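I have placed the structure first, in the form of structure tokens, so that the comments after it can refer back to it.
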Amino acid sequence: MSIKQNLEELRASIGTGCTLIAVSKTQPTEKIMEAYAAGQRVFGENRAQELAAKYEALPKDIEWHMIGHLQRNKIRYIAPFVALIHSVDSDRLLEEINRQAAKVDRTISCLLQVHIAEEETKFGFSPEEIHALMESPLWAAMTNVQVVGLMGMATFTDDVAQVRREFHLLRSLFNQLKTRELPQQARMEVLSMGMSGDYKLAIEEGSNMIRVGTAIFGDRLTAKK
Ligand SMILES: *Cc1c(COP(=O)(O)O)cnc(C)c1O
């Protein structure tokens, strides 16, 4: 199957209420241009320098999303152009994104990454930490970030019930936050959950943004995750 066919199938199966992020990490620019030629304009990467290099090399109407763990000293590479950072996993990272966004005179949209997987290895806030963050005094200084929703990754497992439970947890938190008073710089619009192996389940559980790599581009060449 070609990249174009994969994209067409995906778009047909996800419907119009869900945004498809094509995860192009490790993929060469030719493959990204194949997806671009098939109409895809939103791409996601998980490394700041790779993201910046691809931004430089590729058409400027592409919307670039940062989906992977972001170190504070790498924000400056992407601050001038990034459309959405999905992976804000600490107060300190949010504060530094604010600082770097101010330097380039932008407001950067962010998602708070929530740890929903029962396994230990993933980054993110706990639901309790998200509630605490919403009450934190740090918002007073947040002039250049806008939180627009939540992101989560389910456990990598064949256990459908477990994956569904984890997505359900994130959806519940999202709904709870929608009903409570939030800081001016935070609102709940985007729920980013679902990847190649579990996006159908994620959409059933309320996702409106999925991040799909291998189901579009095929296997990645390296072992990078
Ligand atoms: C790599 C990655 C994806 C896409 O994974 P696939 O299984 O290739 O669809 C989605 N989200 C994040 C955070 C990733 O790092």
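Every number here is computed from the coordinates shown, using simple stated rules; none is lab data. Values in this document were obtained by computation on a predicted structure and should not be read as measured data. Every residue, glycine as well, gets a Cβ built from its backbone with ideal geometry; the counts of neighbours run over all protein chains shown.
Taking the conditions (1) out of contact with any helix residue (DSSP H, G or I) (no Cβ under 7 Å at 6 or more places or on another chain); (2) over 23 Å from Asn6 (Cβ atoms); (3) buried (at least 16 other Cβ atoms within 10 Å of the Cβ) in turn, Ile97 satisfies each one other than (1).
Go through the residues of region 54-75 one by one and say whether even a single one is of a type in the set (S, T, N, Q) and either away from the ligand (no atom under 16 Å from the Cβ) or part of a helix (DSSP H, G or I) (or both). Let's see the steps before the verdict.
Of all residues in region 54-75, those of a type in the set (S, T, N, Q) come to 71, 73.
Okay, now just the ones that are also either away from the ligand (no atom under 16 Å from the Cβ) or part of a helix (DSSP H, G or I) (or both), so 73.
The answer is yes, given that some residue of region 54-75 is of a type in the set (S, T, N, Q) and either away from the ligand (no atom under 16 Å from the Cβ) or part of a helix (DSSP H, G or I) (or both).
Looking for something closer than 13 Å to Leu150 by Cβ and either near the ligand (Cβ under 9 Å from one of its atoms) or touching a Pro at 6+ places or on another chain (Cβ under 9 Å) (or both) - is there at least one such residue anywhere in region 180-191?
First, the residues of region 180-191 that are closer than 13 Å to Leu150 by Cβ: 182, 186-191.
Next, only the ones that are either near the ligand (Cβ under 9 Å from one of its atoms) or touching a Pro at 6+ places or on another chain (Cβ under 9 Å) (or both) stay: none.
No, because not a single residue in region 180-191 is closer than 13 Å to Leu150 by Cβ and either near the ligand (Cβ under 9 Å from one of its atoms) or touching a Pro at 6+ places or on another chain (Cβ under 9 Å) (or both).
Condition first: surrounded by 15 or more Cβ atoms within 10 Å (Cβ to Cβ), away from the ligand (no atom under 16 Å from the Cβ) and over 17 Å from the mean Cα position of the chain (by Cα). Can you find one or more residues in region 13-24 that meet it? No, every residue in region 13-24 fails to be surrounded by 15 or more Cβ atoms within 10 Å (Cβ to Cβ), away from the ligand (no atom under 16 Å from the Cβ) and over 17 Å from the mean Cα position of the chain (by Cα).
Say we look at region 18-41 and pick out the residues that are touching a Phe, Trp or Tyr at 6+ places or on another chain (Cβ under 8 Å) and not hydroxyl-bearing (Ser, Thr, Tyr); which of these is farthest from Arg211 (Cα to Cα)? Break it down into steps so the answer makes sense when it comes.
Taking region 18-41 first, the residues touching a Phe, Trp or Tyr at 6+ places or on another chain (Cβ under 8 Å) are 21-24, 27, 31-32, 35.
Those left that are additionally not hydroxyl-bearing (Ser, Thr, Tyr): 21-23, 27, 31-32, 35.
Details: Ile21: 5, Ala22: 6, Val23: 6, Gln27: 15, Lys31: 17, Ile32: 15, Ala35: 14 Å.
Among those that are touching a Phe, Trp or Tyr at 6+ places or on another chain (Cβ under 8 Å) and not hydroxyl-bearing (Ser, Thr, Tyr), it is Lys31.
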